[in-house]
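See structure below.
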Amino acid sequence: MNTELKTIALNDTHIKMGAKMVPFAGYNMPVRYTSDIEEHNTVRNGVGIFDVSHMGEFILEGPDALDLIQRVTSNDASKIVDNQAQYSCLPNEDGGVVDDLLVYRISESKYMLVVNASNIEKDWNWIAKYNTKNVPMTNISDDMSLFAVQGPKATAVLQKLTDTNLSDIKFYRFDHGTFAGAKEVILSATGYTGAGGFEIYVNNKEAQKVFDAIIEAGAEEGIKPIGLGARDTLRMEMGYCLYGNDIDDTTSPLEAGLGWITKFTKEFTNSDNIKKQKEAGTTKRLVAFKMVDKGIPRQGYEIQNEAGEVIGKVTSGTMSPTLGIGIGLGYIDKPFDKSETPIVIAIRNRVLKALVHKLPLV
């Protein structure tokens, strides 16, 4: 097994900018530049740029590309049009999830799948297993850089660098255009922060030029490079799942609250069993909660009811920079999953009060 860390195209740039680099999903990645709280607030209130070039990208093309995507993903990809993206997942054969992903429809016969960095090889092999019609598949992950420019000021900053009217690109839509002098850049109105903005897919050869141009264009608006630490706290405030924490090979999409991306208008991997689970109802569900008592919930902590019985487990937790209190996600037995239900988080030898809360938390 290869344990050597991969590096993203701008690895040296981040080191020069003072980033603390850590191993993440097999890559050497910037976790923070200043502090998680400062970076978090920069994105919520202004604009920040994340280098998330560790993500994986596959191109599927030809007349049977959609057919294959429909076979392996839970959402109905026949409903999206050119220049539209769709959130989906790859169900496995045992009721769990291989990965969550984005499906980009470039044209009727060309799609881009964007997958989690830790699952690039696993997802490629999984999709290939079902590729019985020999759909041409290309793994372009090592050739692409991905910058997420997020925050309420993101559009104004990026508009300085392109003639494409970014205000016309609605949420989960994208366009191809010239950006910062680089051609055929994908400008996608998506993100993992809930703060608005774009994700920019660019060839590695153009990555440095594009990154530098964004930093320069955003200087007036106070743009800062943002690490994975703040990316985690931002996504938790919105209740976005992180693969490996909140969803994995053992969690059903329905338990994870992903029924909205699980469409039974078509057949897909394990769809019959997932449909039966929907009809029968799940016994547990992924919920968000806010701490009432002071304390920070962490992955693996027990969740109890008020009588002290174990009813679940924390999958993600942090101190929310926006709210100034502990927040988390976790699987909870029904009927304790309803909003405003009092629960207890067992933090080492203490039991601290919390409340189930509907999303988003901010």
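Observations on the structure shown:
- Residues V292, V115, arranged from fewest to most other Cβ atoms within 10 angstrom of their Cβ, appear as V292, V115.
- Spatially proximal aspartates and glutamates relative to K6 (Cα-Cα < 12 Å; intrachain offsets below 8 disregarded): D142
- Taking the Cα centre of region 283-362 as reference, the dipole from Cβ charges on Lys and Arg (+1) and Asp and Glu (-1) amounts to some 160 debye.
- Between region 72-129 and region 293-334, the alpha-carbon centres lie 30 Å apart.
- FRET E, pair E108, Y130, Förster distance 25 Å, beta-carbon r, rounded to 0.05: 0.75
- Tail beyond 24 Å, pair distance distribution of region 224-362 (Cα, percent): 31 percent
- For K290, the lysines whose Cα falls under 27 Å of its own Cα, not counting residues fewer than eight places away in the same chain, are K313, K334, K338, K353, K358.
- Helix-only arithmetic for the chain: the sum of -39500 (n - 2.57) across DSSP H runs with n ≥ 4, divided by the residue total, places the mean residue ellipticity at 222 nm at -6000 deg cm²/dmol.
- Legend: Rg and Dmax of region 71-188, from Cα coordinates, 15.8, 48 Å.
- Largest mean-square fluctuation among S252, S109, S271, in a Gaussian network model of the chain whose springs join Cα atoms under 10 Å apart, belongs to S109.
- Size of electric dipole in the chain: Cβ of Lys, Arg +1 and of Asp, Glu -1, about Cα centre, debye, nearest 20: 820 debye
- Per residue convex hull volume, Cα atoms of region 10-65, in Å³: 131 Å³
- Shown for L359, L242, L329, L60: other C-beta atoms within 10 Å of each C-beta, ranked fewest to most, produce the order L359, L242, L60, L329.
- Fluctuation leader among V103, V31, V135 - the chain, Gaussian network, Cα springs under 10 angstrom: V135
- For region 283-362: rounded, prolate or oblate by the Cα gyration tensor [a/c cutoff 1.5]: oblate
- Projecting the Cα atoms of G257, M291, I311 onto the dipole axis of region 239-316, where Lys and Arg carry +1 and Asp and Glu carry -1 at the beta carbon, places G257 farthest toward the positive end.
- Ordered by the count of other Cβ atoms within 10 Å of each Cβ, fewest first, S145, S118 give S118, S145.
- Listed residues G177, N45, A219: farthest to the positive end of the dipole of the chain (Cβ charges): N45
Just so you know, all these numbers are worked out from the coordinates, no wet-lab data involved. Quick caveat: nothing in here was measured; it's all calculated off a predicted structure. FYI the Cβ positions are ideal-geometry reconstructions off the backbone, even for glycines, and counts take in every protein chain you see.
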